[in-house]
1. Stokes-Einstein D for the stretch 36-201 at 4 °C, 1.567 mPa s, Kirkwood Rh over Cα pairs, in µm²/s?
2. How much length, in nm to one decimal, is gained on full extension between THR67 and ARG80, taken as 0.36 nm per residue of separation minus their Cα-Cα distance?
3. By how many nm would the segment from THR39 to ARG168 lengthen if fully extended, with 0.36 nm per residue of separation less the alpha-carbon distance?
4. If packing is taken as the average count of other Cβ atoms within 10 Å, what order do 178-185, 77-84 fall into, highest mean first?
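Please treat every number below as a calculation from the coordinates, not as lab data. If you're wondering where the values come from, they're calculated on a predicted model, not measured in any experiment. So basically every Cβ, Gly included, is an ideal-geometry build from the backbone, and we count neighbours across all protein chains shown.
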Amino acid sequence: MIVLTALTSCSSSPRSAEPSGSPVPPSQSLSTTAQPAVTFDQALHDELVGMFERDQAELNGRPQADTAEQRIARLKEIIREYGWPTFDLVGKDGENAAWVIAQHADLDPAFQQEALELLRAAVAGGQASPGNLAYLEDRVAVAKGEPQAYGTQMRCGTDGPVPATPIRDEAGVDKRRAEAGLPRLAAYLREMATICAEAADQPPD
């Protein structure tokens, strides 16, 4: 099943995620990393933004010098050295870039889970995007076949977008989305309907 998500916290056109990566060995758990630095690191910011740009270009059918697997491996190295790339360390666009790479590591659930835990802590400290956290929370839940909290993970059905897994407590989903800085679910579904219609118009590969 291909899951489509409109990555409303990032600046590029939304696309489906490209699964990639390999599990992190237990002896190299990301949860044991050092705390993030507090001084802005321009070089690291530029590297992460470049990784994001190559990720998006590849999703749009333009081959890149590095692969998705290599970008995920590099993000693991960055996280082991710095912890989650925070606003103070790499700026909002650098943090967003790190999230996109983690969001697309669908074949590496161990890494996604550990990235999620680090992202939760960064959001709690005001150092990462709550919207990014909402998307990764749902991504990990859907990968486990569990209900999603925010309704960010959709697939294109015959009549338009449908949740990849059921939405938990759907009556409260707009409250949770608002707390994460996301638009109401109805607005998101309209956005996804446009994406599904565009995908249906694309010729088969």
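1. Translational D for this selection: 78 µm²/s.
2. Details: separation 13, 0.36 × 13 = 4.68 nm, distance 2.01 nm.
Using 0.36 nm per residue and subtracting the Cα-Cα distance, I get 2.7 nm.
3. 42.5 nm
4. Values: 178-185: 15.6, 77-84: 18.1.
Top to bottom by mean Cβ count within 10 Å: 77-84, 178-185.
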